[in-house]
Amino acid sequence: MVKVKVKYFGELRDLLDVKDEEYKVDDGTSLTDLILNHIPERHLDASEDWKKTVFRMVRGEIMLNSDGTPVLRDYVILIKGKSPVLAYKLRDGDEVAVLPPAGGG
């Protein structure tokens with residue numbers, strides 16, 4: 001088992017009503033699995049809004065890249081301060097930060 005901590009910021013913190021939380025996932029679990037399956041499964045009441053907020057949607061379905069990973073809206077996901085590919089395999093102790101789009105003006 002791999003234990004990771006997920007931190008939410010901005011709109012996502014409000015949506016899920018949590019600042020951070022820990023997940024225990026199987027070895028080999030990817031970042032895609034975490035954000036596409038584990039987080040929505042824990043927050044069933046907000047799962048549809050989570051998907052619509054974090055991922056690009058086409059006709060009600062999550063848009064996928066050619067490699068099968070979901071296309072994020074303008075959210076940034078960092079692990080240990082770096083932006084990994086969504087196929088990244090989670091490691092024990094990883095800290096995942098889900099950051100909203102940067103504002104401009």
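If the cut-off is a Cα-Cα distance under 20 Å, which lysines reach residue 24, setting aside same-chain residues fewer than 8 apart in sequence?
Straight-line reach from residue 24, under 20 Å: 3, 5, 7, 80, 89.
Once you have the Kirkwood Rh of the chain from its Cα pairs, apply Stokes-Einstein at 4 °C and 1.567 mPa s and quote D in µm²/s.
Details: Rh = 14.0 Å.
Using the Kirkwood radius from Cα pairs, D works out to 92 µm²/s.
Using each residue's phi in the range 86-94, evaluate 6.51 cos²θ - 1.76 cosθ + 1.60 at θ = phi - 60° and report the 3J(HN,Hα) Karplus result to the nearest Hz, with x for Gly and Pro.
Working through the residues one at a time gives 5, 7, 3, 8, 4, 10, 4, x, 4 Hz.
Hey, what number do you get for the chain at 222 nm if only DSSP H runs of n ≥ 4 count, each worth -39500 (n - 2.57), divided across all residues, to the nearest 500?
Working: 3 runs with 18 residues, N = 105.
Rounded to the nearest 500, it is -4000 deg cm²/dmol.
Quick note: the coordinates plus some simple rules give every number you see, no bench work behind them. The structure presented is a predicted model; accordingly, all values stated were derived computationally and were not measured.
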